1. Taking the chain as the reference, fit the longest principal axis to its C-alpha atoms, fit the long axis of helix 3-28 to the helix C-alpha atoms, and give the angle between the two in degrees, 0 to 90, nearest 10.
2. How tilted is helix 33-62 with respect to the longest principal axis of the chain? Cα atoms for both, answer in degrees (0 to 90, nearest 10).
3. Only one of the values (i) 12.6; (ii) 14.0; (iii) 13.2 was calculated from this structure for Kirkwood radius over Cα pairs in Å; name its label.
4. Just how large is the dipole of the chain about the Cα centre, in debye to the nearest 20, putting +1 at every Lys and Arg Cβ and -1 at every Asp and Glu Cβ?
Amino acid sequence: MKINDVIKNRQNKLNAQYKELIEQAYNFRQTDSELSDFSEFRAMKLLNKLNTLRYFSRTQSKL
């Protein structure tokens, strides 16, 4: 398996987790603000990982 395929698979998995956490944060906003903030924080950490993977996939495609 090529490195680009591995990166794409990881991006897809993290993107699904990110969307789920954002949805949880939105749903908890009215009932439990602390849990909403925690879900949003975890989503931001995943977004950082996604941005890192996007950088590496861009770098790999230029080689």
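1. Helix 3-28 sits at roughly 10 degrees to that axis.
2. So the inclination is approximately 10 degrees.
3. Identified label for the calculated read-out: (i).
4. Roughly 620 debye, rounded to the nearest 20.
Read the figures in this text as sums done on the coordinates, not as results from a lab. The model shown is predicted, which means the values in this text are computed figures rather than measured ones. Using ideal geometry, Cβ is built from the backbone for each residue, glycine included, and neighbour counts are taken over all protein chains shown.
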